[in-house]
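J.: Before we start, here is the structure in question, set down as structure tokens.
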Amino acid sequence: MRNLFIFLWNNRFFSLFLVLEVIALSMLSTSYSYHRSLRFNLVNDASGSILGVYSNISDYFYLKKENQKLLNENAYLRNQMENAFLKTDTSAIFIDTLYKYIPARVISSTTNMQTNKIIVDKGKIHGIEKEMGVISDNGVVGIVVGVSNHYSTIMSALSKNANFSAMIKSNGQLVSVSWPGDDYLHGEINDIPSHIQLSEGDTIISSGNSIIFPKGLFLGTVVEHNQREDKDLSKAKIEFYVDFNNLHYVNIIKNLMKPELDSLIINANNE
Amino acid sequence: MNNIIIKNIVRFLFLVAIQIFILNQMHFFGYLTPFIYILFIIILPFQTNKLLVLLLAFATGLTIDIFGDTPGLHTSATVFMAFVRPALLSGLFGKLDFGQNEEPGIKKLGFGGFLRYVIVLVIIHHFSLFLLETLDFNRFFDILKTTFLTSLLSISLIYIYIFLFTRNK
């Protein structure tokens, strides 16, 4: 034992290097999977408020663009209001709210990493929890992976570990959207059965199969589809609907039925 | 003595602030973000205790990680760079005599010498950073490309900083 200490002391530079590197790498190992990043992250109120001060200033530069975005979104929503429809179908009534939207401001975001994170200025006290969906002007942005009291981090769709359940709008075929990791404009859809015809410009929307996102949010449009004779499933390249490099305000989706759905799944698993 | 500590604290705060508030928000050509904060470790005085350099590198990397919520990524790359630094200094400039508190700079090491020193450390840091981040050998060529392009940006910024803010150019 004594010899070991003498050895470590004599090689103290190397030993300290190993210790520090092991600490760092064990932190890093949490970022290689979505589930592990849910368990460990560094978001906290102190760093959040420092970042917030800065974006308070820089936000003024985007006001015009954001206004335009809001106008478009308002128009889109008006089109969906009850009084925008000719009432012939009287069976459709809204019984209960299923989703609640919490607006938040982006205070930091990246697009150049393999797992891109967005930090926003809403947290636990605003009702944000892990695994909530995040959208921007009807496009899917990502999923909340960490919350502190006033801030939260979002793993954006630009993450190699993230998979989104989606469908092709024109025919309802279920696919999954992922990000291959090269550029922030384009994603990928996998598992397209060979009988499905895709053409450029086809819209990909969220499937509503997960409890995180409601159905019908935009993910992107198809830009390239390589169909191969010898394979059953093919891939296609899509252009993301959301401009991740230019993201200033987002909405976080709270599924009010989530506790009920969660307990249902747990019960089903137990039986 | 105190002077040099205060100077380095100010430099640390300044470089970290530039990194977090300006550079981290910038994505050149859509995906390149230069890293200037490592300059703090690069130009710590020659005679700084090697163990202290490691601890400072850990603290610097962790600060950047906290603000970007990238657990351990910058920490591990920066600690590795600090680990290489003493060997590199003695390998490249073993024959030179360094005074108390003297910092690596163009004046002391010569233009070519300092440039070589900066390039090696920046590339070591960037390469380990992108390698650890991607951890996918199928993308090895992409990692090399990103390392090369980002290093070009970082080194240019480091030189701009040195010409603007340091006296022993």
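J.: From the residues in the range B:24-64 that are more than 11 Å from every other protein chain (Cβ to nearest Cβ) and either more than 14 Å from the chain's Cα centre (by Cα) or not hydrophobic (A, V, I, L, M, F, W, C) (or both), which one is nearest to residue B:149 (Cα to Cα)?
T.: B:37
J.: Also, I was wondering about something else. Look through A:140, A:145 and report the one residue that is in contact with a helix residue (DSSP H, G or I) (Cβ under 6 Å, 6 or more places away or on another chain) and closer than 23 Å to residue A:257 by Cα.
T.: Details: A:140 fails: in contact with a helix residue (DSSP H, G or I) (Cβ under 6 Å, 6 or more places away or on another chain).
One residue alone meets the criteria, A:145.
J.: Sticking with this structure for a sec: Please find, within the range A:36-47, the residue that is least open to solvent (accessible area, probe 1.4 Å) out of those that are more than 9 Å from chain B (Cβ to nearest Cβ) and not acidic (Asp, Glu).
T.: My answer is A:38.
J.: Output yes when any residue across the range B:103-114 is within 13 Å of another protein chain (Cβ to nearest Cβ), touching a residue at least 24 places away in the same chain (Cβ under 8 Å), small (Gly, Ala, Ser) and out of contact with any strand residue (DSSP E or B) (no Cβ under 7 Å at 6 or more places or on another chain), and no when none is. Walk me through how you get there before you give the answer.
T.: Taking the range B:103-114 as the starting set, the residues that turn out to be within 13 Å of another protein chain (Cβ to nearest Cβ) are none.
Scanning the range B:103-114 turns up no residue that is within 13 Å of another protein chain (Cβ to nearest Cβ), touching a residue at least 24 places away in the same chain (Cβ under 8 Å), small (Gly, Ala, Ser) and out of contact with any strand residue (DSSP E or B) (no Cβ under 7 Å at 6 or more places or on another chain).
J.: Only helices (runs of 4 or more DSSP H) wholly contained in the range B:43-119 count here; list those with 1 or more residues that are within 30 Å of residue A:43 (Cβ to Cβ) and modelled with pLDDT under 90.
T.: Result: B:50-68.
J.: Pull out all pairs, ordered by first then second residue, where Cβ-Cβ is under 8 Å, the residues are six or more apart or on different chains, the first lies in the range A:20-35 and is within 7 Å of chain B (Cβ to nearest Cβ), and the second is outside any helix (DSSP H, G or I) and open to solvent by 40 Å² or more (accessible area, probe 1.4 Å).
T.: A:27/A:40; A:30/A:40; A:32/A:161; A:32/B:135
J.: Of everything in the range B:121-154 that's touching a helix residue (DSSP H, G or I) at 6+ places or on another chain (Cβ under 6 Å) and without any contact (Cβ under 8 Å) to a residue 40 or more places away in the chain, which residue is surrounded by the most Cβ atoms within 10 Å (Cβ to Cβ)?
T.: Top of the filtered list is B:130.
J.: Hey, among the residues in the range A:179-194 that are open to solvent by less than 20 Å² (accessible area, probe 1.4 Å) and within 14 Å of chain B (Cβ to nearest Cβ), which one's modelled with the highest pLDDT?
T.: Per the criteria, the residue is A:179.
J.: Can you give me the number of residues within the range A:1-42 that are over 30 Å from residue A:142 (Cβ atoms) and of a type in the set (Ser, Thr, Tyr)?
T.: Summing the residues that are over 30 Å from residue A:142 (Cβ atoms) and of a type in the set (Ser, Thr, Tyr) in the range A:1-42 gives 1.
J.: So residue B:118 passes all but one of these: (1) farther than 18 Å from residue B:89 by Cβ; (2) open to solvent by less than 10 Å² (accessible area, probe 1.4 Å). Which condition number does it fail?
T.: Every listed condition holds for residue B:118 apart from (1).
Quick grid of which residues meet (1) assigned to a strand (DSSP E or B); (2) surrounded by 12 or more Cβ atoms within 10 Å (Cβ to Cβ); (3) not polar (S, T, N, Q):
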residue	(1), (2), (3)
A:196	no, yes, yes
A:201	no, no, yes
A:211	no, yes, yes
A:216	no, yes, yes
A:221	yes, yes, no
A:236	yes, yes, yes
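J.: Inspect the range A:75-88 for any residue being under 26 Å from the mean Cα position of the chain (by Cα) and at pLDDT 85 or above and give the result as yes or no.
T.: no
J.: Name the residue, out of A:7, A:14, that is open to solvent by 40 Å² or more (accessible area, probe 1.4 Å) and more than 9 Å from every other protein chain (Cβ to nearest Cβ).
T.: A:7 is the lone residue from the list that is open to solvent by 40 Å² or more (accessible area, probe 1.4 Å) and more than 9 Å from every other protein chain (Cβ to nearest Cβ).
J.: Being among the aromatic types (Phe, Trp, Tyr) and part of a loop (DSSP other than H, G, I, E, B) is true for just one of B:12, B:35, B:21. Which residue is that?
T.: Exactly one residue qualifies, and that residue is B:35.
J.: Another question, if that's okay. Quick one: how many residues across the range B:29-47 are of a type in the set (Phe, Trp, Tyr) and in contact with a Ser or Thr (Cβ under 9 Å, 6 or more places away or on another chain)?
T.: 4
J.: Here are the criteria: (1) more than 11 Å from every other protein chain (Cβ to nearest Cβ); (2) in contact with a helix residue (DSSP H, G or I) (Cβ under 8 Å, 6 or more places away or on another chain). Tell me which single one residue B:160 does not satisfy.
T.: For residue B:160, the exception is condition (2).
J.: Another one. From the residues in the range B:65-98 that are away from chain A (no Cβ under 13 Å) and touching a residue at least 12 places away in the same chain (Cβ under 8 Å), which one is nearest to residue B:134 (Cα to Cα)?
T.: Once the filter is applied, the top-ranked residue is B:88.
The values are calculated or read from the model by the stated rules, or taken from the named source; none is laboratory data. Keep in mind that what you see is a predicted model, and the values were worked out from it rather than measured. All Cβ positions, glycine included, derive from the backbone under ideal geometry; neighbour counts span all protein chains shown. Note: accessible area is taken over every heavy atom of the protein model, side chains too, but ligands, DNA and RNA are not part of it. Shrake-Rupley method; radii C 1.70, N 1.55, O 1.52, S 1.80 Å.
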